[in-house]
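Structure first, then comments.
The values are calculated or read from the model by the stated rules, or taken from the named source; none is laboratory data. Just so you know, these numbers come straight off a predicted model, no measurement behind them. Areas reflect the complete protein model, heavy atoms only, side chains present, ligands, DNA and RNA absent. Shrake-Rupley method; radii C 1.70, N 1.55, O 1.52, S 1.80 Å.
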Amino acid sequence: MQITHRSRWHRLLHPLNLAGLLTWLAVAATLPYDAGAQTALRWGSALLFLLAFLLAASYERPAPQRSVMLVIEALAALVVIRLAHRSGVAPALLVMLAAQVAMSWPLRTALMMMLLVNVGMYLVLRDVHSHPAAVVLIFAGFQAFAMLTTHYAGSAEKARDRLALVNADLLATRALLAERSRDMERLRLSRELHDVAGHKLTALRLHLRALAGQAGAAPELAQCEQLSAELLGDIRAVVHCLRDSGQLDMDTALHALAAPLPRPRLQLQLDEDVQLNDTAKAETVLRCVQEALTNSARHSDAKVLRVVLQRHDGRLLLAMEDDGQLRGEPRAGNGLTGMRERVDEQGGSLHLQRAASGALQIRVELPA
């Protein structure tokens, strides 16, 4: 997914990036301003490091451009450390780099990267500093602290996101189960009314009709027979209403699914003629929307996910599209593969395509 300008600025304002900017300013304040070719190279490398730092912060973590920027940061930082070794502060740039590397790559890969960078720092300081190993060890400790802090902060953030998804799943499932319980209770009441009250009222009406037909019967018997007929009709209407109102409330379930997620916001269009009384089919719709929300939250900076559920030519159509942008052709990962398997179990079909706006469109068709 491509990144919008607003989301890039949002990432640049992350507290970690702001702390990095303050660190760079502190390092820049110690750089000498003496005339000569080294001054231009020193400041050019420092500015290159800052530019790479900002660009790396603006890209999503899996983006390959972010990794390229991190490598540029490492090379620029080593040049600054070599040319500003007297200040003793320049290696702090590698602490900034360590935090970004730990946020971008797996911890083992990040450690290998920083090990190579520290070897490079030792090599550039070996000829110009009296104690290069001590400098490397001191700043390696700061780097390790920054890496571990960033790593565990990222792990906590991922755990929070997973918990939000699980919570959304539980809320949506609870909404469906509650609606299903109400449906079963309505069905039980309708059966009781039909089998017990309806049966006895029918017998009462037959007796009243027989009494009213006898010679010399009071006119009130005919009126009672008429009232019993009307009451029986009313009970039958209630039973019919209870049975027909057994469809599941998908609007409530889908909004409960999206409520705990900070983004994207669910924009739901549910046609009035869409009625679901099959729990398995309702769960398939729910899981499809859940996977679309998860994809938009993890792989896109989409702010809105548009979901349309309607009936067409005897089929149930579910169309989903967010306001992000897709790079390349859509490919089905584990989530979309699981979605397709659920749809296939219900005798439906799933189609993925790229919209004219660049967004991923997911279209599901199920038997109505």
In Å, the Kirkwood hydrodynamic radius from C-alpha pairs for the range 23-72 sits at 12.0
Which ³J(HN,Hα) values in Hz, rounded to whole numbers, follow from the phi angles of the range 204-213 under the Karplus curve 6.51 cos²θ - 1.76 cosθ + 1.60, where θ = phi - 60° and Gly and Pro get x? 4, 5, 4, 5, 5, 5, 5, 5, 5, x
Heavy-atom SASA rank of I138, I72 (probe 1.4 Å, accessible area, largest first): I138, I72
Amide hydrogen neighbours beyond the local backbone of Q353, cut-off 5 Å, H modeled: Q361
Which residues' amide hydrogens lie under 5 Å from the amide hydrogen of R265, considering only partners 5 or more residues apart or on another chain, with H built in the peptide plane? V304, L305
Would you give the gap between the C-alpha center of the range 114-139 and the C-alpha center of the range 14-32, rounded to a whole Å? 21
1.4 Å probe accessible area per residue over the range 52-161, in Å²: 49
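Would you work out what percent of the accessible area of the range 246-315, with all protein chains in place, is carbon or sulfur (probe 1.4 Å)?
Here carbon and sulfur together make up 41 percent of the probe-accessible area.
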Per-residue HN-Hα couplings for the range 310-321, Karplus 6.51 cos²θ - 1.76 cosθ + 1.60 at θ = phi - 60°, whole Hz, x for Gly and Pro? 8, 9, 8, 6, x, 10, 9, 10, 10, 10, 10, 7
Once phi is turned into θ = phi - 60°, what whole-Hz ³J(HN,Hα) does the Karplus curve with 6.51, -1.76 and 1.60 give for every residue of the range 353-368, x standing for Gly and Pro? 7, 9, 6, 4, 6, x, 7, 7, 9, 10, 10, 10, 10, 10, x, 6
State log₁₀ I(q)/I(0) for the range 52-144 at q = 0.13, 0.14, 0.19, 0.22 Å⁻¹ as given by the Debye formula over alpha-carbon point scatterers of equal weight, solvent excluded. -0.40, -0.46, -0.82, -1.05
